[in-house]
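The values are calculated or read from the model by the stated rules, or taken from the named source; none is laboratory data. From a predicted model like this one, the values you see are computed outputs, not experimental measurements. Neighbour counts run over all protein chains shown; Cβ positions are idealised from the backbone, glycine included. Calculation scope for accessible area: heavy atoms of the full protein, side chains included, ligands and nucleic acids excluded. Shrake-Rupley method; radii C 1.70, N 1.55, O 1.52, S 1.80 Å.
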Protein chains: 2
Amino acid sequence: MNSKEIAKIAGVSRSTVSRVINNYPNVPPDTREKVLKVIKEYNYVPHASARMLRGKSSKTIGLVIVDLKRDSDIHKIYDNVYFGPFTTAVIDFANQIGYNVLVTTVYRVKDYKKVKEIFYNKTISGAIFIGVRNNDPEIKSLIEEGFKIAIVDQEIKEGDDIFGRSIIVNMDNINGAYEATKYLINLGHKEIAHITGDLDKLSGFARLEGYKKALKEADITYDAHYIVKGNFVEESGYNAIYKLLRKVRPTAIFAANDQMAIGAMQALQELKYNVPDDVSIIGFDDITLSRYVKPALTTMSVSLFQMAELCVENLVKSIEVESEIIAKFLVSAKLIERESCRKIID
Amino acid sequence: MNSKEIAKIAGVSRSTVSRVINNYPNVPPDTREKVLKVIKEYNYVPHASARMLRGKSSKTIGLVIVDLKRDSDIHKIYDNVYFGPFTTAVIDFANQIGYNVLVTTVYRVKDYKKVKEIFYNKTISGAIFIGVRNNDPEIKSLIEEGFKIAIVDQEIKEGDDIFGRSIIVNMDNINGAYEATKYLINLGHKEIAHITGDLDKLSGFARLEGYKKALKEADITYDAHYIVKGNFVEESGYNAIYKLLRKVRPTAIFAANDQMAIGAMQALQELKYNVPDDVSIIGFDDITLSRYVKPALTTMSVSLFQMAELCVENLVKSIEVESEIIAKFLVSAKLIERESCRKIID
DNA sequence: CTGAAAGCGCTTACAG
DNA sequence: CTGAAAGCGCTTACAG
């Protein structure tokens, strides 16, 4: 079934069928009705590729999930607690406004080839990137070529930098980390360790910055011995505790995300430290799991839902208006007090 | 940049460029090299829509996530622990063999319109359905129209039923549920309750069947008072406990999935019952969360990864060979003993 | 208000 | 081995 057949049945030309489909104003109501009736009767839907070839938008955006840290384990993304919710949120918002979403994973730098291909071959009209390193050259080159791109977790720079030309949606990492650390300080802690995320990601280095800011404000001297590098996965939080405890004995820990906080809690329990009696711990992100662990994890909550909405909304806007849209967003983090931190009295 | 320009630069015709791209054998090596060089130099990728219009496959499959139970809460899928991992697994397998995946959600029956549209307008060459009710008429009609479809969790029927013409991938629900119940029986339990899933889904009624089978084999009389209907979500497991305890006092519970088991554990704890001392509980699915709750949940583990692989592999095969592929799979469930069940001595 | 025609970027029989 | 030409199914200036 194609427009030619529909035209024949309805007794009009293909031009008119097309005009009806595309809501041209110059079609008399009864002609329109007649055509619509035939379309409905035969379940006719115009061939998407033919429309695109004539310059219509693909009405499809890409969602690119980047997870470059794997060496061997190809399945780590499989139960990632962060990408899953974000993905469904993006799909829902996109579908709501008539867009399809094509999801792709990037595990190695060479996987960016897949992404470029769907841009070049016009399968997608734009894409949302999540999990990227700050200042990634692969993404930079895509933006340079004029593709519409929204990035989550990317440093917002002043001036005419190439990333300045894309849509950026960030958590308010600095303030969130600052609040988390300050919460610990207000509870009376002074020996506060920090397990960092990947420092080549904005959310990694910005949270470290927020931690430092809170310390400084409280006149607590920053001590590098209290910092352990992690990479946002649970295991790195677990390992961090063993490294940390070789050097210092903090009364509280701020982990750059919940997954590491949960890994850390596990190591702490193995070592017979009680959380929160011996050591308090606070995370960041408020993933679903955090409500369930024992003790339930105190953390900084951020709405992934809202972030997804901002990405989709602005990306689609920039695709449709064809003029360049420069949009930068900061989604705030909110303290969720649960059971993993306690007041210190000494 | 299009094939015409590439042809001009390479000094050949568009026909030859096309032959090179499509790996025709009748192109001399040096001509091929010459063309390839230009293609690479200009980052040329053929326009996907133009190729499709000429009859090439879209190399895109759909993944349709169905979640029809919502009345008001549109966001429930957001942190679904089951769809997320399955989705990433499907994407990974599909990408590995050169296919893109378009993900769509269906929350209301009318959302199937979206799905039909991407089939009709040739955006996707086939689709995987997850979360569907048994015998769903919407899917039935799609299969009838000849679309290539793989379904997770659908009853396998004998004979020439329409569903017989699709690819079906199931967990081994009956045996899994049978094993779970038998495990409880072997532990000495006789008063075993069951919290069911949606009974209009295969995984719902088949697990109930497995439960009955184990009871029967052990000569334990089936008693409807020990059955509470749930719907696979955590809250229904929580509520089930309150309903259940009004009537009976089981020493063990088999919940049709982990989410309900976890909800049930929460209710039990509220009511000051100790798990597993007062009541043992076993789940099904082995979701990530189950390792973290306290006590850690004993459950039947099924590889979503393997299920995703079977879906993708067979769907793509059926798309590519063009002959009808009828494939039915049963992925086995394996007992994972953790801390939520105990031996009964009386 | 409406139709005939051109053309989007490919692929592939056809002819040589 | 290779090019010219037709045609996939649409949309849209153009002409009337």
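Share of the stretch A:173-302's accessible area from carbon and sulfur, percent, 1.4 Å? Walk me through the numbers before you get to the answer.
Working: 2340 of 4890 Å².
In the stretch A:173-302, the share of accessible area belonging to carbon and sulfur is 48 percent.
Each residue of the stretch B:143-158 in turn: what ³J(HN,Hα) in whole Hz from Karplus with 6.51, -1.76, 1.60 and θ = phi - 60°, glycine and Pro shown as x?
5, 4, 7, x, 6, 7, 9, 10, 10, 9, 6, 9, 4, 8, 10, 7
Using a label point 7 angstrom from Cα along Cα-to-C-beta, what distances in nm, from shortest up, separate residue A:339 from the other copies?
1.2
What does the buried accessible surface come to for A and B, summed over both chains, with the probe at 1.4 Å? Round to 100 Å².
It comes to approximately 4200 Å² buried between A and B.
Could you tell me the center-to-center distance, by alpha carbons, between the stretch A:134-151 and the stretch B:104-161 in angstrom?
Answer, in whole Å: 36.
Hey, how many Å between the Cα centroid of the stretch A:1-66 and the Cα centroid of the stretch B:226-301?
Between the Cα centres of the stretch A:1-66 and the stretch B:226-301 lies a distance of 52 Å.
State which entries of B:4/B:59; B:69/B:212; A:114/A:317; A:34/A:122; B:243/B:328 exceed 30 angstrom in Cα-Cα distance in the structure shown.
Values: B:4/B:59 24 Å; B:69/B:212 26 Å; A:114/A:317 25 Å; A:34/A:122 34 Å; B:243/B:328 37 Å.
Table pairs above 30 Å Cα-Cα are A:34/A:122; B:243/B:328.
Return a whole-number percent for the relative contact order of chain A, with Cα pairs under 8 Å and 6 or more residues apart as the contact set.
On the way: 626 pairs, mean separation 54.9, N = 346.
Dividing the mean separation by the residue count of chain A yields 16 percent.
Once you average over the residues of A:93-103, how many Cβ atoms of partner chains fall within 10 Å of each Cβ?
Numbers: counts 0, 3, 7, 1, 0, 1, 0, 10, 4, 7, 11.
The per-residue average across the peptide is 4.
Which of the residues in the stretch B:252-297 lose at least 20 Å² of accessible area when you go from the chain alone to all protein chains together (probe 1.4 Å)?
Flagged in the stretch B:252-297: B:288, B:289, B:292, B:294.
Quick one: with label points 7 Å out along Cα→Cβ, list the inter-copy distances for residue A:222 in nm, shortest first?
Distances between equivalent label points, in nm: 6.8.
Which cross-chain or sequence-distant (5 or more) residues have an amide H under 5 Å from the amide H of residue B:106, H modelled 1.01 Å from N in plane?
Sorted by chain and number, the residues that satisfy this are B:65, B:66, B:67.
For a quick check, take a GNM of chain B with Cα springs below 10 Å and name the residue from B:255, B:327, B:218 with the largest mean-square fluctuation.
B:218
Please give the calculated 222 nm ellipticity per residue for chain B, where each DSSP H segment of at least 4 residues contributes -39500 (n - 2.57) and the sum is spread over every residue; nearest 500 deg cm²/dmol?
-12500 deg cm²/dmol
Counting Lys +1, Arg +1, Asp -1, Glu -1, what net charge surrounds residue A:22 among other residues with beta carbon under 10 Å of its beta carbon? Don't skip to the end; give the middle numbers.
On the way: positive: A:19, A:51, A:56; negative: none.
With Lys, Arg at +1 and Asp, Glu at -1, the net is +3.
Compute the long axis of helix B:173-186 from its Cα atoms, compare it with the longest principal axis of the Cα atoms of chain B, and write down the angle in degrees, 0 to 90, nearest 10.
30 degrees
Can you tell me the accessible area per residue over the stretch A:3-46, all protein chains present, probe 1.4 angstrom, in square angstrom? Please report the intermediate quantities before stating the final value.
Values: 2960 Å² over 44 residues.
Per-residue accessible area for the stretch A:3-46 comes out at 67 Å².
Going by alpha carbons, how many degrees (0 to 90, nearest 10) lie between the helix axis of A:304-321 and the longest principal axis of chain A?
It works out to around 40 degrees.
Put the label 7 Å from Cα along Cα→Cβ for residue B:4; what are its distances to the other copies, in nanometres, shortest first?
Once sorted, the set of distances for residue B:4 reads 2.2 nm.
Could you report the stretch B:288-332's accessible area per residue, 1.4 Å probe, as an integer in Å²? Provide the component values of the computation, followed by the final result.
Values: 1860 Å² over 45 residues.
In whole numbers, the stretch B:288-332 has 41 Å² accessible per residue.
Taking the dipole about the Cα centre of the protein assembly as shown, with the C-beta of Lys and Arg at +1 and of Asp and Glu at -1, give me whichever of B:186, B:65, B:123 is farthest to the positive side.
The one lying farthest along the dipole's positive direction is B:123.
Rounded to the nearest percent, how much of the accessible area of the stretch A:3-46 (1.4 Å probe, protein heavy atoms only) is carbon and sulfur? Working shown, then result.
Details: 1460 of 2960 Å².
Carbon and sulfur together cover 49 percent of it.
Might you tell me the accessible area per residue for the stretch A:91-138, computed with a 1.4 Å probe and given in Å²? Numbers along the way, then the final one.
On the way: 1600 Å² over 48 residues.
Here the per-residue accessible area is 33 Å².
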